[in-house]
Amino acid sequence: MKTFHTQQTEFLKLCSILIPISKKYDYSSTDLEAWVPEIENYHAYVPLIGVYSSGKSSLLNTFLGSKVFKKEITPCTDIPFEISWGENDKYEIRHSDSVQPVTLKEIQEGTYTARPDSVISMVMNNDNLEKYKNLALVDLPGLNAGIDAHSKAIDFYIHKSAAYLLVIDPKTNLRKDLVDFLLELSAFSVPVY
């Protein structure tokens, strides 16, 4: 099996060959040209799943080497956070109809204004993220935390995810809601680690 980087390089090379040919023969190259930035900036989504207070945000804080996410006993991640590498830090909150900048401090304090359709995108120049440039980790709301947005956010990623990382608090048993969700994921043939 070819690595992602090898496949990405081959697709970009193919586009660089096909675009001039399509222009030479007066075929539209618009679709091919649109694919180039999509291929260059592609991210495989890897959501972290678990019940609320299982340690998803703590795990991400440890991985990032700084306290980025709030850690509380009550559900505190009510919308998805997409975390990926970039040369420059950039934080924004995306809604279905707009994009607004947000600061790291607002994220850390939870003072941003979100709607049920919101996603926070965090592009960070972080050494650990740089090792996985084509992955976007997603801190999802906890399962069965009593917030409707949690279910909507989780459902949004089912078809977009390359795999799921399951986070379980070692002090608790495997809860029924988590087992039910794993069974639901199995219907989509999504790997869970």
Can you pull out every residue in region 31-44 that is within 15 Å of SER84 (Cα to Cα), modelled with pLDDT of 85 or more and either part of a loop (DSSP other than H, G, I, E, B) or in contact with a helix residue (DSSP H, G or I) (Cβ under 6 Å, 6 or more places away or on another chain) (or both)? none
Would you confirm whether any residue within region 140-147 is open to solvent by 20 Å² or more (accessible area, probe 1.4 Å), modelled with pLDDT of 80 or more and more than 13 Å from the chain's Cα centre (by Cα)? no
Could you count how many residues in region 79-103 are in a loop (DSSP other than H, G, I, E, B) and surrounded by 14 or more Cβ atoms within 10 Å (Cβ to Cβ)? 5
Residue check for ILE17: more than 19 Å from the chain's Cα centre (by Cα) and either in a helix (DSSP H, G or I) or farther than 22 Å from HIS159 by Cα (or both): yes
Might you check whether a residue that is assigned to a strand (DSSP E or B) and open to solvent by less than 30 Å² (accessible area, probe 1.4 Å) occurs anywhere in region 57-67? no
Given the conditions (1) within 30 Å of PRO141 (Cα to Cα); (2) touching a helix residue (DSSP H, G or I) at 6+ places or on another chain (Cβ under 9 Å); (3) open to solvent by 70 Å² or more (accessible area, probe 1.4 Å); (4) not hydrophobic (A, V, I, L, M, F, W, C), and given that LYS70 satisfies all but one, which numbered condition is not satisfied? (3)
Any idea which of ILE49, ILE39, ILE21, ILE17 is among the aliphatic types (A, V, I, L, M) and within 15 Å of PRO141 (Cβ to Cβ)? ILE49
When the residues of region 33-49 are filtered to those that are open to solvent by 30 Å² or more (accessible area, probe 1.4 Å) and of a type in the set (A, V, I, L, M, F, W, C), which remaining residue is nearest to LEU182 (Cα to Cα)? ILE39
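When you check LYS2 against the structure, is it open to solvent by less than 70 Å² (accessible area, probe 1.4 Å), assigned to a loop (DSSP other than H, G, I, E, B) and basic (Lys, Arg), yes or no?
Spelling it out, it is not the case that LYS2 is open to solvent by less than 70 Å² (accessible area, probe 1.4 Å), assigned to a loop (DSSP other than H, G, I, E, B) and basic (Lys, Arg).
The values are calculated or read from the model by the stated rules, or taken from the named source; none is laboratory data. Model, not experiment: these values are computed from the prediction. FYI the Cβ positions are ideal-geometry reconstructions off the backbone, even for glycines, and counts take in every protein chain you see. Each accessible area value is taken on the protein alone, full model and side chains, heavy atoms only, with ligands, DNA and RNA left out. Shrake-Rupley method; radii C 1.70, N 1.55, O 1.52, S 1.80 Å.
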